[in-house]
Amino acid sequence: MDGTRVREWEARCVEEQAPACAASCPVHVDARAMLAHLAQGRFRQAYEVYARAIPLPSIISHLCHHPCESACLRAQAGDPLRIHLLERACVAFGRTDIPLRTQRPSKRGRVAIVGAGISGLTAAIDLYTKGHDVTVFEAAAALLPRLCLLGEQTLPAAVIEADLARVRESRMALRLSETVDLARLDGLLADFDAIYLAPGNGPRPDLAGWLDLDDKQRPIVDPLTFATSHPAVFAGGRLRHGDDGAPILSVHDGRYAALSIDRALQGASLTANRDNQGAYASRLYVDTSRHPAAPALPPDIGDAYGAEQAQKEAARCFPCHCLECVRVCPYLEHYGSHPKRYIREIYNNDSIVMGQHKSNRMVDSCMLCGLCAAVCPNQVSMADVCLEARQSMVDKGKMPPSHHEFALRDMAFSQGEAFALLRHQPGRRQSRYLFFPGCQLSASAPQHVLQIYAHLCATLEGGVGLMLGCCGAPARWAGREDLFAANLENLRAQWASFDQPRLITACSTCLRAFKDLDAAPAVESLWTVLEREGLPPRAASAPPVSDYAIHDPCTARQETAVQDSVRRLLDRLGVAHHELGAPGLGTCCGFGGLASFVNPEVADKVVDRRADEDPADYLAYCAMCRDNFARRGKRAVHLLDLIFGAAADPAERADPGFSRRQENRARLKTELLRDLWQEATPTRAARPDLSIADDVRADLERKWILEEDVRQVVRHAENGGARLIDPDSGHVIASYRPAAITYWVEYAIEDGRCVVYRGYSHRMEVGDTP
Ligand code: SF4
Ligand code: SF4
Ligand code: SF4
């Protein structure tokens, strides 16, 4: 896969962006995670989330001016979450007084902190817990001297004490009543590896001549790293912000200065990976309109929340996520994460040379329907990702052969002698039009192909040729771009040999395949042709049997003209219809991308979710969609069922299954040649008559074993091939390996018919028995 393109795809998915609340917090308190715990009554876990970002949690929960609340998107559907009161509730009901723990850094340093205000103590706690030797110098006789002056009303002494207890109990050296002047600074530099200057409003050392200063005589500080002009000296807090600096900005400076000091002591880059440091605007997309409005809950114990009320208020958090694509796609939902992760995983899967490619099945389970891109605010298309990954798997020889073999064999059948055909309209030598019904309509309802072709011949001037075959979509979906291109080139050559007539396709997948060709032929959908040229005479009498919900195939998502024509044709037929969700934003029928051959569980989830959207009968204009709904028990008709009105209840038509699909194609060709062109039809090899019970037939279908595969085994065994006899039942057990797959069948010849009891297949080669 192309690494640059993969990174570009990854960057477009915003799901891992922080929610607005966390992004707007200078130290990125993960309010979303904290509120999720709170809403469930997990106060201790909620507190731990908060305390991870805030080293002085009791104090800051009282003093923070909560910029997160101004950014909270709940404001668009009610009121913003009262995050600051909920943080206080975390502290009140979840606080754990675990002593400060220390790590073992690879290089331990000695750090002097000048000033025991919020910024200085934040840096001190962070550096201490990272394992450094920390000494705090404070000119006053107490830690946090200025906070003590705020008064009980604003900041109770017990709140301050709750945070300071851990500091006092630690092994930090606390040197109170020690003023650090310029002469002392030189001494500190001899004794310490780094200094953080955060004197707050306390006495400031005269730094002139020692550091580069601004016009207010404050050190010039790099706003990202807090480095000064001296490599071992960092500065922040009120020294940087002045008296306007909010407490949370002091926390911010202390935290990120500590990060720089630690990196400097480890010899690491001060500037790497600091893109989202401090408050920023999140790019996370959130559709707030899907949430009903909910006003904020008032505090119920004075100006604070009790535990129960805090839980309720926290539960108002949406929480903020994008996940627009995951919401609409059962495949994305099935794997439990989101595209940014999937893209990374798929790229890693593609990049490994040795070892297991664990994501192959996931790559091959996408329907390639493009709905994700249609609903994504940044048009991230998992279809593009998975298609490129499949092509790469094929190129590297890593595509599991079993994934697409059946579909590719089916495609080869449609392009082979049994089905492929090219003829001018009977009695003509030229074709102004060329009708390409596609392999699936021919497989599902061959009578409709005969009928609609007759109508086109009768309606259109200049001759309507007929081309039977497959557009090659299965090859593209299987990552076989070589096969896809060769197949289309073959079809293009046939089209060109007829003097480039205007192509008419009955299937939107074929329409897209032809349109995607370089120098595409003039091609149009059958439905726009019928709207313009008129419906067959019988159509007017086709009775409306239901108010149909229209299912647009995913391959017609961009084809608004086709979608509109279908609706107008239904109006003309007098058939009541309504939309199934937003037009063009429907889920796949489950057949796209060949996912059903790789992951039937996911494919069935997809079709079932679509089928459950509306209790009405569905109207499809893709044969495969119609049959897939029928396979899962959803009543569905094809537009041609209504146009020709053949059956009393067309929604009862069963899915023909894969064996009958091939039979239908072959029979269609035979009948066309015989009846329209009066040509001899290809003779088929003698075919043993099979008798297959319904449950055995369903089992064979589930295992992708065609009746023709069964016939080959029986023919081979009855013509002298190896066979075993089960002594108990007398049944014959025989196998045959036409290509890469070995088929086994258990059967018996009874009254001249071959009764099939069981079938299975595998990819192992069975050697000769000694
Ligand atoms: S819709 Fe999906 S792919 Fe697009 S940004 Fe959202 S989560 Fe990411
Ligand atoms: S709704 Fe929740 S996650 Fe979203 S911004 Fe508000 S607090 Fe944060
Ligand atoms: S199945 Fe469709 S909506 Fe889901 S990821 Fe694949 S292309 Fe996107």
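Selection of first residues in the range 115-126 that are more than 11 Å from residue 258 (Cβ to Cβ) and of second residues that are open to solvent by less than 10 Å² (accessible area, probe 1.4 Å) and among the aromatic types (Phe, Trp, Tyr), restricted to Cβ pairs under 9 Å at least 6 apart or on distinct chains, gives the following pairs, ordered by first then second residue: 115/137; 115/196; 116/137.
Can you confirm whether residue 552 is crowded, with 22+ Cβ neighbours inside 10 Å and over 22 Å from residue 664 (Cα atoms)? Against the criterion (crowded, with 22+ Cβ neighbours inside 10 Å and over 22 Å from residue 664 (Cα atoms)), residue 552 qualifies. Check whether at least one residue in the range 172-188 is at pLDDT below 95 and of a type in the set (Val, Ile, Thr), and report yes or no. The answer is yes; a qualifying residue exists. Within the range 303-343, if we keep just the residues that are closer than 27 Å to residue 83 by Cα, open to solvent by less than 40 Å² (accessible area, probe 1.4 Å) and of a type in the set (D, E, K, R), the residue that is farthest from ligand 1 (Cβ to nearest atom) turns out to be 313. Highlighted here are the helices (runs of 4 or more DSSP H) found entirely within the range 30-81 that include at least 1 residues which are more than 16 Å from ligand 2 (Cβ to nearest atom), open to solvent by 50 Å² or more (accessible area, probe 1.4 Å) and over 16 Å from residue 246 (Cβ atoms): 43-53. Evaluate the following for residue 75: is it of a type outside the set (Lys, Arg) and free of Cβ contacts under 8 Å to residues at least 40 places away in the same chain? Here the answer is yes, as residue 75 does meet what is asked.
Across the range 145-170, the number of residues qualifying as among the charged types (D, E, K, R), open to solvent by 60 Å² or more (accessible area, probe 1.4 Å) and touching a residue at least 60 places away in the same chain (Cβ under 8 Å) comes to 1.
Quick one: in the range 237-257, of everything that is on the phi < 0 side of the Ramachandran plot and part of a loop (DSSP other than H, G, I, E, B), which residue is surrounded by the most Cβ atoms within 10 Å (Cβ to Cβ)? Per the criteria, the residue is 245. With respect to residue 684, is the statement that it is at pLDDT below 90 and open to solvent by 20 Å² or more (accessible area, probe 1.4 Å) true? Criteria met by residue 684.
Candidates in the range 347-366 are the residues that are at pLDDT 95 or above and in a loop (DSSP other than H, G, I, E, B); of these, the one that is nearest to ligand 1 (Cβ to nearest atom) is 366. Counting only residues that are within 16 Å of ligand 2 (Cβ to nearest atom) and in contact with a Ser or Thr (Cβ under 9 Å, 6 or more places away or on another chain), the range 313-344 holds 2 of them. Here residue 270 qualifies as open to solvent by 40 Å² or more (accessible area, probe 1.4 Å) and within 42 Å of the chain's Cα centre (by Cα).
Restricting attention to the range 367-376 and to residues that are buried (at least 23 other Cβ atoms within 10 Å of the Cβ) and assigned to a helix (DSSP H, G or I), the residue that is farthest from ligand 2 (Cβ to nearest atom) turns out to be 371.
Strands (runs of 3 or more DSSP E) wholly in the range 698-750 with at least 3 residues that are surrounded by 13 or more Cβ atoms within 10 Å (Cβ to Cβ) and of a type in the set (Phe, Trp, Tyr) - which ones?
742-750
Residues in the range 631-673 that are surrounded by fewer than 18 Cβ atoms within 10 Å (Cβ to Cβ) and acidic (Asp, Glu): 649, 652, 671.
The residue of the range 350-362 that is nearest to the chain's Cα centre (by Cα), among those that are of a type in the set (A, V, I, L, M, F, W, C) and open to solvent by less than 80 Å² (accessible area, probe 1.4 Å), is 362.
Kindly indicate whether residue 760 is within 17 Å of residue 406 (Cα to Cα) and modelled with pLDDT of 90 or more. When the stated conditions are applied, residue 760 passes them.
Select from the range 127-144 the residues that are without any contact (Cβ under 8 Å) to a residue 40 or more places away in the chain and assigned to a helix (DSSP H, G or I) and list them in ascending order. Result: 129, single match. Report yes if some residue within the range 629-645 is in contact with a His (Cβ under 9 Å, 6 or more places away or on another chain), under 16 Å from residue 509 (Cβ atoms), among the acidic types (Asp, Glu) and touching a residue at least 12 places away in the same chain (Cβ under 8 Å); otherwise report no. Scanning the range 629-645 turns up no residue that is in contact with a His (Cβ under 9 Å, 6 or more places away or on another chain), under 16 Å from residue 509 (Cβ atoms), among the acidic types (Asp, Glu) and touching a residue at least 12 places away in the same chain (Cβ under 8 Å).
Number of residues in the range 287-343 that are within 16 Å of ligand 3 (Cβ to nearest atom) and either among the β-branched types (Val, Ile, Thr) or in a loop (DSSP other than H, G, I, E, B) (or both) equals 10. For residue 347, the conditions (1) away from ligand 2 (no atom under 16 Å from the Cβ); (2) open to solvent by less than 60 Å² (accessible area, probe 1.4 Å); (3) touching a residue at least 40 places away in the same chain (Cβ under 8 Å) all hold with the exception of (2). Of the listed requirements (1) modelled with pLDDT of 95 or more; (2) open to solvent by 30 Å² or more (accessible area, probe 1.4 Å); (3) in a helix (DSSP H, G or I), residue 413 misses just one: (1). In the range 272-299, the residues that are of a type in the set (Phe, Trp, Tyr) form Cβ pairs under 8 Å with partners that are surrounded by 11 or more Cβ atoms within 10 Å (Cβ to Cβ), at six or more places apart or across chains, as follows: 280/23; 280/24; 285/14; 285/322; 285/324; 285/377; 285/378.
Against the test of being part of a loop (DSSP other than H, G, I, E, B) and within 16 Å of ligand 1 (Cβ to nearest atom), the options 15, 8 yield a single qualifying residue, 15.
So in the range 377-405, with the set limited to residues that are open to solvent by 20 Å² or more (accessible area, probe 1.4 Å) and among the hydrophobic types (A, V, I, L, M, F, W, C), which one is nearest to ligand 2 (Cβ to nearest atom)? Looking at residues that are open to solvent by 20 Å² or more (accessible area, probe 1.4 Å) and among the hydrophobic types (A, V, I, L, M, F, W, C), I get 387.
On the stretch given as the range 91-126, residues that are open to solvent by 20 Å² or more (accessible area, probe 1.4 Å), part of a loop (DSSP other than H, G, I, E, B) and within 18 Å of residue 174 (Cβ to Cβ) total 3.
The values are calculated or read from the model by the stated rules, or taken from the named source; none is laboratory data. For clarity, every value in this text was computed on a predicted model and none was experimentally measured. Every residue, glycine among them, receives a Cβ derived from its backbone with ideal geometry; neighbour counts consider all protein chains shown. When the accessible area is computed, the model is the full protein with side chains, heavy atoms only, and any ligands, DNA or RNA have been set aside. Shrake-Rupley method; radii C 1.70, N 1.55, O 1.52, S 1.80 Å.
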